[in-house]
1. In degrees from 0 to 90, rounded to the nearest 10, what is the angle of the helix 78-93 Cα long axis to the longest principal axis of the chain?
2. Going by amide H atoms built from the backbone, whose H comes under 5 Å of the H on Val52, apart from near neighbours?
3. Assuming 0.890 mPa s and 25 °C, estimate D for the chain with Stokes-Einstein, Rh taken as the Kirkwood radius over Cα pairs, in µm²/s.
4. Taking +1 at the Cβ of each Lys and Arg and -1 at the Cβ of each Asp and Glu, which of Gln453, Leu214, Val233 sits farthest along the dipole of the chain towards its positive end, judged by Cα position relative to the Cα centre?
5. May I ask you to evaluate 6.51 cos²θ - 1.76 cosθ + 1.60, the Karplus curve with θ = phi - 60°, for each residue of region 286-296 and list the ³J(HN,Hα) values in order in whole Hz, giving x for glycine and proline?
6. Across region 54-60, in residue order, what do the Karplus-derived ³J(HN,Hα) couplings come to in whole Hz, using 6.51 cos²θ - 1.76 cosθ + 1.60 with θ = phi - 60° and x for Gly and Pro?
7. Pop out the ³J(HN,Hα) list for region 397-404 in order, Karplus 6.51 cos²θ - 1.76 cosθ + 1.60 with θ = phi - 60°, rounded to Hz; leave Gly and Pro as x.
8. What angle, in degrees between 0 and 90 and rounded to the nearest 10, separates the Cα long axis of helix 2-14 from the longest principal axis of the Cα atoms of the chain?
Amino acid sequence: MSSSASAEKKAPAAIPDGTTDYKPLRSGPAYDPAKVHIADTPMTWSNWHKHVNWLNTTLIIIIPMIGFISAYWVPLQLYTAIFAVIYYFNTGLGITAGYHRLWAHSSYKASTPLKIYLAFVGAGAVEGSIRWWSRDHRAHHRYTDTDKDPYSVRKGLLYSHLGWMVFKQNPKRTGRTDITDLNEDPVVVWQHKNYLKSVIFTALVFPTVFCGLLWNDWLGGFVYGGILRIWFVQQATFCVNSLAHWLGDQPFDDRNSPRDHVITALVTLGEGYHNFHHEFPSDYRNAIEWWQYDPTKWAICLWKFLGLATDLKQFRSNEIEKGRVQQLQKKLDQKRAVLDWGTPLEQLPVISWDDFVADSKNGKALVAIAGVIHDVTNFIKEHPGGKALISSAIGKDATAIFNGGVYLHSNAAHNLLSTMRVGVLRGGCEVEIWKRAQFENKDVSYVNDSTGQRIIRAGNQVTKVVQPVASADAA
Ligand SMILES: [Zn+2]
Ligand SMILES: [Zn+2]
């Protein structure tokens, strides 16, 4: 015990990042750092039951199974069904609007009555105390997808859904976070210290007594409003850790696993725009468009209207759009990178005019346009303007012909032409100057994308000459 106390004393100096050690407020088995934690030993047939967190397993698997079995003998009454659905939404909001957006992310401020309500219905979801849940969730955001993420989807979809609760975790492996604000919140501290009592009352006693007193369905209230509702709320909110990191798009950043999907939003009371959420975690919204499904956001807005919630945090749309544009740019670069834009000019050999003419006479169908030599041998028969017109340009400078002297070629024609380039003409004006600058390592103004590839914009191809020069060939 003394060794653990001295280790705790040393910790703040070792990690000067403002985080605090997680000190249990409730009494429990003392953590002994000298002993190897069961989670760090391989699971075998003889020790698997030691790996299982039996309390969690009872709460999230065994009791729901009993509920499903007993539902066979307990008829579902209409009023009880309506109550169960309404209470489902309330306890779900306890997690999404309370545990998640209020306490884990401080995305708005709640008045004390609202906090008490959220702590009450949040306990009814049976997912741990606010303090415990928020601390793990802050670690999840700080260390997403790493070993310090308590429910990293990299360990498997089922693990991120409930495996992390079914099996014991070494608490020292979870990333460090700062929860000083939660330790100063009397509602959070009270709920944490009285968690088991809170759960029994809000999750089971309240629905049983409510349905029993009002329409005499004590058993239905217990089974449907209690046990089965708990199961549905748990499975729904667990999807934020699993489905939201597995299914959907990544419009803001694709380096980590969080994703946006309407199905996740429908299942999780609006927590489905998770790629946005991980980028802008202190925004009280998950869905930023009015037509997207985010009842948690709507509830917070309603509470603001009623004067119960204030200081709703929102990122400026300028910042949100910047992230979206950068991700679009990244996707665009990936699409551009797989296309054939022709051999880069700096990799082409410099060919003299005499060699160009001589090669053209010796059977190679070479055409010079804007100082770049193209081999059109395989294209002659496919030329949309016919064989004769393209053949007449072989061995010549066709800059003017191509750029309107005979026909003003399309953007697509310039793109296609670039895939046929084989050399740069010595004395080929701008092109050679540009190429020489490359050799001499001078600064040449052109734009590269994030993959290092030059961006060729429409109308900016090297073969595009805006004002066609009159030449003898064109006449
Ligand atoms: Zn997440
Ligand atoms: Zn979050």
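Values quoted throughout were computed directly from the atomic coordinates according to the rules given, and no laboratory measurement underlies them. Just so it is clear, the structure is predicted and the values come from calculations on it, not from any experiment. Cβ atoms come from the backbone with ideal geometry, glycine included; neighbour counts cover every protein chain shown.
1. 60
2. Here Lys168 satisfy the definition.
3. Values: Rh = 27.7 Å.
The diffusion coefficient I find is 89 µm²/s.
4. Leu214
5. Those phi angles translate into 10, 9, 9, 8, 5, 8, 7, 7, 8, x, 5 Hz.
6. 5, 5, 4, 4, 5, 6, 9
7. Ordered by residue, 3J(HN,Hα) equals 8, 9, 3, 6, 4, 6, 9, x Hz.
8. 30
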